[in-house]
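This report concerns only the one structure given below.
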Amino acid sequence: MVSCILSCKTAPPKNKTTVAPDTVVKSAVPKKAHSPTEQRAQMEFVNYNDDGDYFLLFARKADSTYSFIYNDEDRSLNRGDLIEVKWKKGIIEIAGDGDAPADADITTTVTKVSDGAVSKFRNSYGKQIKYIRPESESYSTSYLDKIYKVVEYYLANTKVPLLQQIIDKKEALSYSVEQQTKNSREYTMIGISTTNEHNVNTVQWLYFDGEHEILYEYDLPKDELVLFR
């Protein structure tokens, strides 16, 4: 991901460090000369990324994923929601590269059109998924929040009959997290379980590639990772 410098014209979201008044910052602005008209398209929301110098929104259309500069405090969209994105071409400056200018797509408005699978899951299931904390805790709050959303996305789209039955009956679900190496690569292994006061029964294991944000189901009989879409 290109690391950029945050626009000084937009207030950052809550919990985001505020730039001091005497700090020099650069702005993401639409091109003034030869600027194309505003573009629009309906897309599937993927996620936000507030970790860099610019706030980004990722959305998917067909088999392509697009990134936009997103100067809005709203973070209410869930993965899979259908949205209408309006944007214009703009210019950003690439930090660490002599502030070299680069083209970017900057949103003007993002409007939710309809609920996706995650939003529908939240409304129908109506329960918090319990996180089973390991004895040795080394995960950051932001990473645990990401994992929770991964678990939600999986449960909202799973085809595993037993999990579908559990969700339909609104029975309690939990998940555990630990690091595992498989095929010489490190993954975050997630165990999704049913819970009651007496025991925990793991129904499905998942492997999450945090570097590339790819999720796999674990096929126990074949000892294989199966890409989850």
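The values are calculated or read from the model by the stated rules, or taken from the named source; none is laboratory data. Since the structure is predicted, the reported quantities are computational estimates derived from the model, not experimental observations. FYI the Cβ positions are ideal-geometry reconstructions off the backbone, even for glycines, and counts take in every protein chain you see. Note: areas computed on protein heavy atoms with side chains; ligands, DNA, RNA excluded. Shrake-Rupley method; radii C 1.70, N 1.55, O 1.52, S 1.80 Å.
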Being over 30 Å from Glu38 (Cα atoms) and touching a residue at least 24 places away in the same chain (Cβ under 8 Å), is that true of even one residue in segment 106-120?
yes
One residue is enough: does segment 193-206 have a residue meeting the conditions of a type in the set (A, V, I, L, M, F, W, C) and within 23 Å of Leu77 (Cα to Cα)?
no
Just give me the residues in segment 199-212 being open to solvent by 50 Å² or more (accessible area, probe 1.4 Å) and either touching a residue at least 12 places away in the same chain (Cβ under 8 Å) or assigned to a strand (DSSP E or B) (or both), in sequence order.
Val200, Asn201, Thr202, Trp205
Scan of segment 78-104 for residues that are over 19 Å from Lys149 (Cα atoms), free of Cβ contacts under 8 Å to residues at least 40 places away in the same chain and open to solvent by less than 70 Å² (accessible area, probe 1.4 Å), ordered by number
Ala100
Would segment 68-81 turn up any residue that is farther than 23 Å from Ile190 by Cβ and assigned to a strand (DSSP E or B)?
yes
Say whether the condition of being modelled with pLDDT under 90, within 28 Å of Thr158 (Cα to Cα) and open to solvent by 70 Å² or more (accessible area, probe 1.4 Å) is met by at least one residue in segment 61-70.
yes
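Residue-by-condition table, conditions (1) out of contact with any Ser or Thr (no Cβ under 7 Å at 6 or more places or on another chain); (2) among the hydroxyl-bearing types (Ser, Thr, Tyr):
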{"position": "Tyr143", "(1), (2)": "yes, yes"}
{"position": "Lys146", "(1), (2)": "yes, no"}
{"position": "Val150", "(1), (2)": "yes, no"}
{"position": "Ala156", "(1), (2)": "yes, no"}
{"position": "Gln165", "(1), (2)": "yes, no"}
{"position": "Gln179", "(1), (2)": "no, no"}
{"position": "Ser184", "(1), (2)": "yes, yes"}
{"position": "Ser193", "(1), (2)": "no, yes"}
{"position": "Val200", "(1), (2)": "no, no"}
Which one is farthest from the chain's Cα centre (by Cα), of the residues in segment 167-198 that are small (Gly, Ala, Ser) and surrounded by 16 or more Cβ atoms within 10 Å (Cβ to Cβ)?
Ser193
